[in-house]
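The values are calculated or read from the model by the stated rules, or taken from the named source; none is laboratory data. Here the structure is a predicted model, which means the values were calculated and not measured. Reconstructed Cβ throughout: ideal geometry from the backbone, glycine too, with neighbour counts over all protein chains shown.
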Amino acid sequence: MKKIIITSLGIFLAYILMYSCRKSDIKGDSSNLIGGSYVTLDSVVNSNLDVANAASAVSIKVDKTVGEAVASINVYAATASGVEDVTGWKLIKNVPYSDGVVLSVTTAELQAAFGATPLAPGNIYTLQNEVVTKSGRKFSVANTPDTYNSFPAYNMALSWKATAVCAFVQSESAGDYKVVTDKWVDYNPGDVITVSAGPGPHQLNALIYPSVIIGGGTGQVNTIIDVDPATGQATVAKQQTGYYGSASPGNLATVSGTGFVFSCTGLISLTFTVNVGGSDYKNQTFSMQHL
């Protein structure tokens, strides 16, 4: 019996030790978690930020608060490599709270937080909300357990994202490009591809796959790229583009994909699914830079 009691005690102590270790997941003063507060998300209004337009803004709508009454919300930009590293948070603004309040951050405000480091299209930036209660206490991901913040049922609006983009200008995007990356290996880095405008006002076209350089293609047809004029987000609808070798069904190439065309930086970055002879080859990254 004594042995059983000691074993049970040992298990209990081990549990306490494990629990105390898990408390390290709670950042900040754990006493603040008692009677705390957070805001919930109503909707994401816009998550794309045009870095070429200082007045462009990303925004979310807050639904309501849970817990202690909220006076305001501090909105920060996470500028460190770790988005939960509070030493790298830069205060953007303090917003008085009311149910349904819209939180927004402009390109100019985010750029000010990052200082001399320019915002780059394609990057995703993290914004952190810090709830300030009417009693003066503050709550954010810094003192809220990660499991709570990520649990869908809580619908916490403590972290949100801004994807840096720039508007598509067809005339600026046409011209010669050098290949940067081709996972499909139809091109060498530095090979030149001519990109043309059209056929539509928000489209580009270029001979990509099968290439005449390495791919040994025949009967090639230019790939048409559809581009969202506001964000530069690109879509390549499924289309036949030629043959790898002789013009037979087993050599037919079909491509589809998504990515970005950034007119402001001259970068085209796509991820293709290449189908040859009925077999899909997914996640073929391809990028090229305007000369």
- Item | Search result, residues across the stretch 231-276 that are in contact (Cβ under 8 Å) with a residue 40 or more places away in the chain and either assigned to a strand (DSSP E or B) or among the charged types (D, E, K, R) (or both) | Q233, A253, V255, F260, V261, F262, L267, I268, S269, L270, F272, V274
- Members of the stretch 124-149 found to be modelled with pLDDT of 90 or more and in a loop (DSSP other than H, G, I, E, B), listed by number: K134, S135, G136, R137, S140
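Residue by residue through the stretch 64-106, note down the ones that are polar (S, T, N, Q) and part of a loop (DSSP other than H, G, I, E, B).
Within the stretch 64-106, the first condition is being polar (S, T, N, Q), and the residues that meet it are 65, 72, 74, 79, 81, 87, 94, 98, 104, 106.
T79, S81, S98 - these are the residues of the stretch 64-106 that are polar (S, T, N, Q) and part of a loop (DSSP other than H, G, I, E, B).
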- Run down V195, V102, V165, V179 and say which single residue is surrounded by 20 or more Cβ atoms within 10 Å (Cβ to Cβ), closer than 20 Å to V44 by Cβ and aliphatic (A, V, I, L, M). V165
- Message: Tell me the residue from D280, D226 that is within 29 Å of T163 (Cβ to Cβ), touching a residue at least 12 places away in the same chain (Cβ under 8 Å) and either surrounded by fewer than 17 Cβ atoms within 10 Å (Cβ to Cβ) or not aromatic (F, W, Y) (or both), please.
- Response: D226
- Message: Looking at (1) in contact with a strand residue (DSSP E or B) (Cβ under 6 Å, 6 or more places away or on another chain); (2) closer than 14 Å to A162 by Cβ; (3) at pLDDT below 95; (4) not aromatic (F, W, Y), which one does K64 not meet, given that it meets all the others?
- Response: (2)
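How many residues, within the stretch 76-99, are touching a residue at least 40 places away in the same chain (Cβ under 8 Å) and either loosely packed, with under 13 Cβ neighbours inside 10 Å or among the charged types (D, E, K, R) (or both)?
From the stretch 76-99, those touching a residue at least 40 places away in the same chain (Cβ under 8 Å) are 76-78, 83-84, 86, 97; that's our starting set.
From the residues that got through so far, the ones that are either loosely packed, with under 13 Cβ neighbours inside 10 Å or among the charged types (D, E, K, R) (or both) too are 84.
Residues in the stretch 76-99 being touching a residue at least 40 places away in the same chain (Cβ under 8 Å) and either loosely packed, with under 13 Cβ neighbours inside 10 Å or among the charged types (D, E, K, R) (or both): 1 in total.
Is one or more of the residues making up the stretch 164-185 in a loop (DSSP other than H, G, I, E, B) and touching a helix residue (DSSP H, G or I) at 6+ places or on another chain (Cβ under 8 Å)?
Of the residues in the stretch 164-185, the ones in a loop (DSSP other than H, G, I, E, B) are 166-169, 174, 183-185.
If we keep only those that are touching a helix residue (DSSP H, G or I) at 6+ places or on another chain (Cβ under 8 Å) too, we end up with none.
Within the stretch 164-185, none of the residues are in a loop (DSSP other than H, G, I, E, B) and touching a helix residue (DSSP H, G or I) at 6+ places or on another chain (Cβ under 8 Å).
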